[in-house]
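We did not get these values from a lab; they are worked out from the coordinates using the rules stated. Treat the numbers as computed from the prediction; the structure is a model and nothing was measured. Here the Cβ positions follow ideal geometry from the backbone for every residue, glycine too, while neighbour counts run over all protein chains shown.
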Amino acid sequence: MKHMPHLLGERATQPGAGREVHGEPGEPTGPGAAKPMSRRGCGSALAAIAATAAATAAAPWPARAQNAPVSKPPAPPPALGAADLERLAQQVFAAERAFARSMAERDHAAFVRHLAEPTLFFAGRQVLRGAAEVAAGWKRFYEGDRAPFSWEPDQVEVLADGTLALSTGPVRDPAGKVVARFNSIWRQEAPGQWRVVFDKGSPPDPEPR
């Protein structure tokens with residue numbers, strides 16, 4: 001996060017061949033009466049059903065599922081060229097600088113306008129979820145005439161499909177000392193319109209030796 005406090009810190013019955021079984025007492029007889037299947041015919045039908053079931057079970061899965069519809073994953077968006085990616089990176093640089101300017105100018109409303117609705121900000125071990133919660137959690141940093149910290153981007157990387165971008169850079173205290181590094185994920189919500197969806201701070205880069 002850009003703020004310091006925590007950064008420092010898924011029947012049909014088959015006809016049987018053979019002789020009929022004459023009706024037992026109580027069974028319907030005469031013209032129109034249903035004729036029971038012969039025992040031999042019944043046995044043949046059961047054997048056929050069993051053989052079919054066994055063949056189906058033994059068949060490999062594709063043979064059993066050959067008529068099942070197969071869903072294909074959607075095709076990924078086409079990758080952008082180097083020139084387009086650089087253009088988008090410059091858009092994110094500009095958005096991040098405007099985001100930082102909201103702190104310097106003590107403009108909390110401008111800060112809020114840069115937040116995506118489902119945004120998630122880390123504050124040490126605490127997580128602020130959603131634009132409303134982040135706005136409320138950051139309100140205190142916009143109180144008073146002097147900004148408690150500042151930040152600026154020094155690197156932006158954009159996904160090949162142009163949907164998300166990482167922005168990172170140093171966080172400074174009022175005296176200008178680097179005290180942390182911010183890491184923000186920006187999402188392009190409309191052509192040229194980027195908003196923050198994730199923000200998490202980290203310790204500053206080690207001093208060069």
Mind checking which residues of segment 153-171 are farther than 18 Å from Phe122 by Cα and either among the aromatic types (Phe, Trp, Tyr) or out of contact with any helix residue (DSSP H, G or I) (no Cβ under 6 Å at 6 or more places or on another chain) (or both)? Asp154, Gln155, Glu157, Leu159, Ala160, Asp161, Thr163, Leu164
Condition first: in a helix (DSSP H, G or I), crowded, with 19+ Cβ neighbours inside 10 Å and touching a Leu at 6+ places or on another chain (Cβ under 6 Å). Now tell me which residues in segment 114-156 satisfy that. Ala131, Val134
Selection status of Ala165, part of a loop (DSSP other than H, G, I, E, B), at negative phi and surrounded by 13 or more Cβ atoms within 10 Å (Cβ to Cβ): no
Which one of Phe198, Phe182, Phe111 is crowded, with 16+ Cβ neighbours inside 10 Å and in a helix (DSSP H, G or I)? Phe111
